[in-house]
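*Asks:* Got a structure for you, questions after.
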Amino acid sequence: MNQQPEQTNAATTGAVTKEDKLYQRVVATEEVQQALYQYECARARRDSIDRKLEGGSGATDKNKLAYWEMELTSATTELKKLQAQHPVLAKHPLIAAVHEEAPPISS
């Protein structure tokens, strides 16, 4: 019987790498937490208003949708700037998704 030797790495041993520690420190900063919160709020509001308009509700209007789309764009831009400053943020699932869904910003 031919067995492969077990590979040990940070994922299998539970060890925390320097990159993991850096990621945790960066994500924990107030700046990153605030940017994530603003993005999540803007996206939730925009999606809610969009659903209401598609459902024919008169409780909102296209001006509110346009406002929250601008807020979402602003929040997305901020997340991309933070990722440019801290490449380790690419590991964050929300930031990675934001980075993939739109072309990169020009500074």
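*Asks:* Restricting to the range 69-93, what's the tally of residues that are surrounded by 14 or more Cβ atoms within 10 Å (Cβ to Cβ) and either without any contact (Cβ under 8 Å) to a residue 60 or more places away in the chain or touching a strand residue (DSSP E or B) at 6+ places or on another chain (Cβ under 7 Å) (or both)?
*Replies:* Result for the range 69-93: 12.
*Asks:* Here is a list: Ala96, Ala66. Which entry is exposed (fewer than 14 other Cβ atoms within 10 Å of the Cβ), over 14 Å from the mean Cα position of the chain (by Cα), on the phi < 0 side of the Ramachandran plot and assigned to a helix (DSSP H, G or I)? Walk me through it before giving the result.
*Replies:* Values: Ala96 fails: over 14 Å from the mean Cα position of the chain (by Cα).
On inspection, the qualifying residue turns out to be Ala66.
*Asks:* Which of the residues that make up the range 46-63 are part of a helix (DSSP H, G or I) and either among the charged types (D, E, K, R) or in contact (Cβ under 8 Å) with a residue 24 or more places away in the chain (or both)? Steps first, please.
*Replies:* Within the range 46-63, the first condition is being part of a helix (DSSP H, G or I), and the residues that meet it are 46-54, 62-63.
Listed by number, the residues that qualify are Arg46, Asp47, Asp50, Arg51, Lys52, Glu54, Lys62.
*Asks:* Only one of Gln33, Gln38 is modelled with pLDDT of 95 or more, of a type outside the set (D, E, K, R) and exposed (fewer than 12 other Cβ atoms within 10 Å of the Cβ); which?
*Replies:* On the way: Gln38 fails: exposed (fewer than 12 other Cβ atoms within 10 Å of the Cβ).
Answer to the check: Gln33.
The values are calculated or read from the model by the stated rules, or taken from the named source; none is laboratory data. This one's a predicted model, so the numbers in the text were calculated from it and none came from an experiment. Ideal geometry is used to build each Cβ from the backbone, glycine not excepted, and the neighbour counts take in all protein chains shown.
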